[in-house]
Amino acid sequence: MSNYLTELFSLEGKTALVSGASSGLGAYFAEVLAQAGARVIVAARRTDKLEILAEKIVNAGGTADVLAMDVTDPDSVEAAFRAVDELGGRLDILVNNAGISTRPGRFVDQEESVWGQLLDVNLRGAWRVARAAATRMRAQQGGCIINTGSIYSLCTGIMKTDYNVSKVALAQLSRNMALELGRYGVRVNTLCPGYFASDINAGEFATERGQEYIRRLVPQRLGEYRELAGPLLLLASDAGSFVNGIDLPVDGGSLLNPV
């Protein structure tokens, strides 16, 4: 690869905060950003898994700091960003990844309390973290926010109304943020993974019913985490310097025929 392309995708000298980094996609995103040269701050409610992740990043030659942050608690978010400020330098990249899913169920059977919990994490929590990051990025006249959406930011499906609504709303939040913050040199985009195995769904995908569901998908397989690395770096690096306000699906074509 030419020096120009290497530099285009490089995150050397950048500082990136990843929320929801204790497992799954968040942990993987942190590793990718570190491998691209960023100093990574990994955040989640519990820090035990974060310490293991940070050690892994450091052992691989990267730089990582650990931060406790509960996105449902405004005081916790405020304290976490004060700690980010105390680490010094700019906050260049936010991967706003914290999110949950609930047990599949039909709309008429879902309890209001379940909706409240999910929206407080997936939407209000994401808004809290994005606002704190955007305030700093606007002041420094530059930065990049990547909200982790879903294929369901762009389509719908039964048995997951609460989750789908939260991800559609998150994509709309990204677009509004991009519109308001673009003049300050801050880009905001939504990364929309399709079907990937996670701690939440791996057991279900392993069942015969889950395997049949996978066979009905356009790619007839789940995505592999490595297939998210390129799209993530596009949105985070100077390679995507003119990409703003988009929803980027990484789904193997599943949106062509959602099931």
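The values are calculated or read from the model by the stated rules, or taken from the named source; none is laboratory data. Since the structure is predicted, the reported quantities are computational estimates derived from the model, not experimental observations. Counting neighbours? That spans all protein chains shown, and the Cβs are built from the backbone with ideal geometry, glycine included.
Any residue at all in the stretch 133-145 that is within 26 Å of residue 84 (Cβ to Cβ), more than 16 Å from the chain's Cα centre (by Cα) and among the aliphatic types (A, V, I, L, M)? So that I can check it myself, show each step before the final result.
Residues of the stretch 133-145 within 26 Å of residue 84 (Cβ to Cβ): 133-145.
Remaining after also requiring more than 16 Å from the chain's Cα centre (by Cα): 135-142.
Restricting the remaining residues to those that are among the aliphatic types (A, V, I, L, M) gives 137, 139.
Within the stretch 133-145 (the criterion being within 26 Å of residue 84 (Cβ to Cβ), more than 16 Å from the chain's Cα centre (by Cα) and among the aliphatic types (A, V, I, L, M)), the answer is yes, since at least one residue qualifies.
Listed by first and then second residue, the pairs with beta-carbon distance under 7 Å, at least 6 apart or on different chains, first residue in the stretch 173-200 and among the basic types (Lys, Arg), second assigned to a helix (DSSP H, G or I) and surrounded by fewer than 21 Cβ atoms within 10 Å (Cβ to Cβ), are 187/178.
Can residue 101 be described as within 18 Å of the chain's Cα centre (by Cα) and not aliphatic (A, V, I, L, M)? So residue 101 fits the description; yes. Evaluate the stretch 170-182: report whether one residue or more is among the hydrophobic types (A, V, I, L, M, F, W, C), under 16 Å from the mean Cα position of the chain (by Cα) and under 27 Å from residue 47 (Cα atoms). So far as the stretch 170-182 goes, yes, one or more of its residues are among the hydrophobic types (A, V, I, L, M, F, W, C), under 16 Å from the mean Cα position of the chain (by Cα) and under 27 Å from residue 47 (Cα atoms).
The lone criterion from (1) within 18 Å of the chain's Cα centre (by Cα); (2) surrounded by fewer than 19 Cβ atoms within 10 Å (Cβ to Cβ) left unmet by residue 256 is number (1). Selection of first residues in the stretch 37-52 that are modelled with pLDDT under 95 and of second residues that are part of a strand (DSSP E or B), restricted to Cβ pairs under 8 Å at least 6 apart or on distinct chains, gives the following pairs, ordered by first then second residue: 46/68.
Pairs meeting the criteria (first residue in the stretch 97-112 and farther than 15 Å from residue 123 by Cβ and modelled with pLDDT of 90 or more, second residue of a type in the set (Gly, Ala, Ser) and not in a loop (DSSP other than H, G, I, E, B), beta carbons under 9 Å, at least 6 apart or on different chains) are 111/105. Taking the conditions (1) surrounded by 22 or more Cβ atoms within 10 Å (Cβ to Cβ); (2) farther than 25 Å from residue 235 by Cβ in turn, residue 113 satisfies each one other than (1). Does residue 213 satisfy the condition of being surrounded by fewer than 21 Cβ atoms within 10 Å (Cβ to Cβ), closer than 23 Å to residue 14 by Cα and not β-branched (Val, Ile, Thr)? So residue 213 does not fit the description; no.
Pairs are defined by a Cβ separation below 6 Å, a sequence spacing of at least 6 or placement on different chains, a first member in the stretch 231-247 that is of a type in the set (A, V, I, L, M), and a second member that is assigned to a loop (DSSP other than H, G, I, E, B); the pairs so defined are 233/36.
Of all the residues that make up the stretch 133-169, how many are among the aliphatic types (A, V, I, L, M), in a helix (DSSP H, G or I) and in contact with a Leu (Cβ under 9 Å, 6 or more places away or on another chain)? The number of residues fulfilling the criteria is 7. Scanning the stretch 200-239 for residues that are of a type in the set (D, E, K, R) and farther than 20 Å from residue 163 by Cα returns 208, 209, 212, 215, 216, 221, 224, 226, 227, 238.
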